[in-house]
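What follows is a set of notes on a single structure, which appears directly below.
The values are calculated or read from the model by the stated rules, or taken from the named source; none is laboratory data. Given the structure is predicted, the values throughout are model-derived calculations rather than measurements. Cβ: placed from backbone, ideal geometry, glycine included. Neighbour counts: every protein chain shown.
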Amino acid sequence: MIDLAALPAAEARIARRYMEVEVEKGMTVEVYKGRKVPKGTVGKVFWMGAGQYGWRVGINDEMGDTHWTALTNVRAIAADKDPGETWVEYEGRKAVEAVAREAARIARWDEVVLLAEPDFEGKVFWERDGRIGVARLGAKRVRVNGNLRNKEEDTRWVDAADVCKLADYEPEPEVAAPVAVVEETWAEDFEASPF
């Protein structure tokens, strides 16, 4: 359990913000009050539900033991924070990771290249839940029932992980095929053929 009084003011402010996160299923939590589960027990929430006296949670600790307690007895903790890392360093690292994630995210109207088909460069025209629709760059659109559509051969539906932004794409260097070395031989080196 973190002693906020022992931390410098800036560290305590950041630590408090991460402790006030709403607990959800799948989160790592720490038991910080109550009498049936030892204080300081850390585990992952696998169940949440209404009990006779309010919301309850089921958590599995590192040893595999299951504990049941009131939701008000636990608080979310930063499971990916290194023990030697200060809260200010942790928040800085999380901010850098968020910026990198947003920069790598494929969004509508991004120009991309398909990793499976490096010669297919296109523009994202649709994206939802990790799936995207890509139309080939420069492809002509056709009118269908009054609406402009991309031709089927100029459209790909793929996972966002299967494309790369065109600006970030570096094709793999082509490996030259091995060249066979042929030694020159002269006709005098061969015996005359009787045929």
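Worth pointing out:
- Put simply, of ASP82, ASP159 the only residue that is of a type in the set (Asp, Glu), over 30 Å from LYS36 (Cβ atoms) and not assigned by TED's automatic domain parsing to the domain that holds GLU11 is ASP159.
- Only one of GLU127, GLU97, GLU89 that is of a type in the set (Asp, Glu), part of a strand (DSSP E or B), at pLDDT 80 or above and surrounded by 11 or more Cβ atoms within 10 Å (Cβ to Cβ): GLU127
- Put simply, of GLU30, GLU22 the only residue that is at pLDDT 85 or above and under 30 Å from ALA9 (Cα atoms) is GLU30.
- In segment 56-86, the residue that is modelled with the highest pLDDT out of those that are charged (D, E, K, R) and assigned to a loop (DSSP other than H, G, I, E, B) is ASP65.
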